[in-house]
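The values are calculated or read from the model by the stated rules, or taken from the named source; none is laboratory data. None of these values were measured; they are calculated from a predicted model. Glycine also receives a Cβ, built like all others from the backbone with ideal geometry; neighbour counts cover every protein chain displayed.
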Amino acid sequence: MKKKLVLFAVFSVFFIFLSTPVQASYSLSFSPSSQAVAISGSTSVDVIANLDAGDSFDWFGMTVTYYDVSVIEATAATLFSPFTLTHPADLSSSPPNGFVNLFANASAPQAGPGPITLANITFQAKDMGTATLGFGTTSLNLGGSTGTWLDKSTNQTASITVSQGTVGVPEPAISLLLGLGLIALGALRKKFRQ
């Protein structure tokens, strides 16, 4: 009797374990993860989903958050093929944060393993400083082709550093300064020889 009870318990645990759905996971990242741009310049980042083998999705909805709208501002968001927007891209800000909301469908399911580029977001540099890019914690989901949600695992951040930039000296001006310096040195040498 005791042996049957133990056997029943083992089978029960085994079947409970098998009946629990396996949750797929993915991570989101930016490429490049760090970059610099001069004030008034523009730069862009790609949003990339990294899926496990056997995982797939055919739509997504996400919020990309950038911290410090005084440094950068999102100006455009474009999707990579085969994705199309289901709602217009929402580029908004609520200082000190800015948001890019994207909702899209794919014409065919996208499967792992590996990276899948979802979108490209362009930013305009406004003032000196560093802005951090991240993903919203409540509205970031990739939907599976069966309508199930993929659980997110780890998401990476990125940064954009805005600097004053360099002011290039035109080449003719450099040559003129070098020539004037050589003439001045020659004149000083002649004066001290006399």
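Residues of region 70-87 being touching a residue at least 40 places away in the same chain (Cβ under 8 Å) and of a type in the set (A, V, I, L, M), which ones? Val71, Ile72, Ala74, Ala76, Ala77, Leu79, listed by residue number.
Right, Val45: in a strand (DSSP E or B), buried (at least 18 other Cβ atoms within 10 Å of the Cβ), at pLDDT below 90 and under 19 Å from the mean Cα position of the chain (by Cα) or not? Considered against the rule, which asks whether it is in a strand (DSSP E or B), buried (at least 18 other Cβ atoms within 10 Å of the Cβ), at pLDDT below 90 and under 19 Å from the mean Cα position of the chain (by Cα), Val45 comes out as no. Keeping to region 38-83, report how many residues are closer than 21 Å to Lys126 by Cα and touching a Phe, Trp or Tyr at 6+ places or on another chain (Cβ under 8 Å). Number of matching residues: 12. If you scan region 61-117, which residues turn out to be among the hydroxyl-bearing types (Ser, Thr, Tyr), out of contact with any Leu (no Cβ under 7 Å at 6 or more places or on another chain), farther than 21 Å from Val37 by Cα and part of a strand (DSSP E or B)? Selection gives Thr84, Ser92, Ser94, Ser107, Thr117.
Starting from residues that are among the aliphatic types (A, V, I, L, M) and surrounded by fewer than 17 Cβ atoms within 10 Å (Cβ to Cβ), keep the ones in region 104-122 and report whichever is modelled with the lowest pLDDT.
Taking region 104-122 and keeping what is among the aliphatic types (A, V, I, L, M), we get 104, 106, 108, 111, 116, 118-119, 121.
Imposing the further condition that a residue be surrounded by fewer than 17 Cβ atoms within 10 Å (Cβ to Cβ) reduces the set to 108, 111.
Details: Ala108: 81, Ala111: 78.
Top of the filtered list is Ala111.
Of everything in region 48-60 that is part of a strand (DSSP E or B) and of a type outside the set (S, T, N, Q), the residue that is nearest to Thr132 (Cα to Cα) is Ile48.
Yes or no, residue by residue, for (1) surrounded by fewer than 19 Cβ atoms within 10 Å (Cβ to Cβ); (2) out of contact with any Phe, Trp or Tyr (no Cβ under 6 Å at 6 or more places or on another chain); (3) closer than 14 Å to Tyr66 by Cβ:
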{"site": "His87", "(1), (2), (3)": "yes, no, no"}
{"site": "Ser94", "(1), (2), (3)": "yes, yes, yes"}
{"site": "Asn97", "(1), (2), (3)": "yes, no, yes"}
{"site": "Leu102", "(1), (2), (3)": "no, yes, yes"}
{"site": "Gln124", "(1), (2), (3)": "yes, yes, yes"}
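Taken over region 144-194, residues that are among the β-branched types (Val, Ile, Thr), within 36 Å of the chain's Cα centre (by Cα) and modelled with pLDDT of 85 or more amount to 4.
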